[in-house]
Amino acid sequence: MIFNTNKETALKLDAADELRSLKTLFHFPQLDNKDVIYFCGNSLGLLPKNAKAAFDTELESWKELAIAGYMAGKNPWLKYQEYVKPALSKIVGAKENEVTVMNALTVNLHLMMMSFYKPTKQRFKIIMEAGAFPSDQYAVETQVKHYGFDPDEAIIEIAPRNGEKTLHTSDIIEIIEKNKNELALVLLGGINYYTGQFFDMSAITKATHDAGALAGWDLAHAAGNVRLQLHEWNVDFAVWCSYKYLNSGPGAVGGCFVHEKFANDQNTHRFGGWWGNDEKTRFKMEKGFIPKNDASGWNISTAQVFNTVALKASLEIFEKTSIEAITTKSDQLTGYLEYLLSQIKNISFDIITPSNKAERGAQLSLYFHEKGKDIHQRMIDSGIVVDYREPGVIRVAPAPLYCSFEDVNRFYEILLSF
Ligand SMILES: *Cc1c(COP(=O)(O)O)cnc(C)c1O
C-alpha cells in the first residue's frame, strides 16, 4: 500500500477498514470529555463494554442462587473455564484440549517449569533473552536455585550483537546448538516486551527439539496480537496473561498451552488439585489424583469465575471477526505508523522494533535521542496514551481492535509540532 501523510488518507483508510466499528465496543478513558487515543494496549487493554453486563450476570447468579450457581446459573460456574477455550484456542493456534485458563502468568510459568524443566547434572541449562521481563527472570532464577544450580552457570542469556537492539534468529539457533549437550529448556517471550520483536517461534522451537531440549514461550505480548500456530509449531508449553491484547482487565485469569503430546499423557508430571482431576472422580473425595487428559489437567483450584468473566466477554469481540482479519489490519496500521515516522525530520529517533512485519506485532518502540520525556508529556496532554521508559523509549501500540488510522495520524501530527 502507498501511504502519504495527509489526514484525508487516514480517514480513507479508516473508511475502508472492515474492523472499524469494533472500536465502539470499548470504553475509553476521557480527557476534556473526549475519548483518549489509546496506544497502551500492550500493557493493559481497554474495557470491553459488554463486560459490565457479564459481571452483573454472575453477580446475579451468586445473589439469587448462591451454591446452586455452580450448576444452575446462566453460565454454570462448574464449567466456567470451558467457555473461553474455543475462542482462545483459535487465537493461539491450538486444539481446544491444549488450552486452559488458571492463576496468572508467572504462577503458570512456575507450574509449567515444574512439569517441563527437569534438570539433571548433565542437562540443566535454560536459554532466555538478556533483559527478559523481570518476572520471568525471577521465576527462572528461583527455579534454577530450587534444583540446587547456580543461576550464573545454568542461565544462558542471549543478547543482541554489539550496537544492535534486537536478536538474529541465526544467533539464537547457534547458541542453542552450542549448548545442546547441557540444554534443558529454551524459554523466550514470543514478542519481546521492550523491543516488540516477534521471534521465529517455529524455527527456534525446532532447533530446540533438535538439541534435545524443550521449548516454552511467554506469550504475554503475543496472545491476541499476532498469528500463532502453537500446535503446528510443536511448542511444548506456553503461558500468557489476558489483560494486555486480550482486554480482560487487571489481574485477569492467565492462559496456558500444553501440547497434546503431553496434555493427554496422564504420566506427564504436574502438581495436582481437584479442578485438574478427572471430573468423574473429582467429587468422590477419594485418594489418588487422576488428571484430566487435556491441558485443564494442570488446573489446581476451583474456577476463578470473576477473573474470567471479562475474558469471556472480550473473546466475544474476537469472535465477531478472526485473528487473521485482526492481524491483517494490525500489519497495515503499524505499517502506516512506521511510514509516518519515516517522514519525521524534526526530531532524532530510532525505531528499535524490526522493520520486517513478520518480526513484530502491534507495537513500535521508539528511542528518542532527544526530548523523549517532553514528547511523552505532550502526547499525554494531547489525549494520547503511550508509555515511557528511561532512557527515552516510547512504546506505541496501535491495537487494531480499538485504534484507527486517524489515531495514528494524530500521533504523527504531535511529533511534527516539535
Ligand atoms: C506482562 C508480563 C508478565 C506479567 O506477569 P503476571 O504474572 O501476569 O504479573 C510476565 N512476563 C511478561 C513477558 C510480560 O510481558
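Figures for the structure shown
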| item | result |
| --- | --- |
| Qualifying positions in the stretch 343-354 - open to solvent by 60 Å² or more (accessible area, probe 1.4 Å) and closer than 20 Å to Asn4 by Cα | Gln343, Lys345 |
| In the stretch 305-325, the residues that are open to solvent by less than 30 Å² (accessible area, probe 1.4 Å) and among the hydrophobic types (A, V, I, L, M, F, W, C) | Val305, Val309, Ala310, Leu311, Ala313, Leu315, Ile317, Phe318, Ile323 |
| Of all residues in the stretch 124-148 being within 11 Å of the ligand (Cβ to nearest atom) and part of a strand (DSSP E or B), the one that is nearest to Asn179 (Cα to Cα) | Met128 |
| Selection count, the stretch 213-230, where residues are more than 20 Å from Ile326 (Cα to Cα) and either open to solvent by 50 Å² or more (accessible area, probe 1.4 Å) or without any contact (Cβ under 8 Å) to a residue 60 or more places away in the chain (or both) | 2 |
| Top-ranked residue of the stretch 355-386 - restricted to ones that are buried (at least 17 other Cβ atoms within 10 Å of the Cβ) and of a type in the set (Ser, Thr, Tyr), ranked as farthest from Gly163 (Cα to Cα) | Ser365 |
| Hey, Gln332 open to solvent by 10 Å² or more (accessible area, probe 1.4 Å), over 23 Å from Lys12 (Cα atoms) and polar (S, T, N, Q) or not | no |
| When residues of the stretch 260-280 are limited to those that are without any contact (Cβ under 8 Å) to a residue 40 or more places away in the chain and open to solvent by 40 Å² or more (accessible area, probe 1.4 Å), the one nearest to Val107 (Cα to Cα) | Gly272 |
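Each row is one residue, and each column tells you yes or no for (1) more than 16 Å from the ligand (Cβ to nearest atom); (2) more than 22 Å from the chain's Cα centre (by Cα); (3) under 23 Å from Pro119 (Cβ atoms).
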position: Asn192; (1), (2), (3): no, no, no
position: Ala222; (1), (2), (3): no, no, no
position: Asn225; (1), (2), (3): no, no, no
position: Tyr243; (1), (2), (3): no, no, no
position: Val258; (1), (2), (3): yes, no, yes
position: Asn267; (1), (2), (3): yes, yes, yes
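The values are calculated or read from the model by the stated rules, or taken from the named source; none is laboratory data. This is a predicted model, so every value here is computed, not measured. FYI the Cβ positions are ideal-geometry reconstructions off the backbone, even for glycines, and counts take in every protein chain you see. Note: accessible area is taken over every heavy atom of the protein model, side chains too, but ligands, DNA and RNA are not part of it. Shrake-Rupley method; radii C 1.70, N 1.55, O 1.52, S 1.80 Å.
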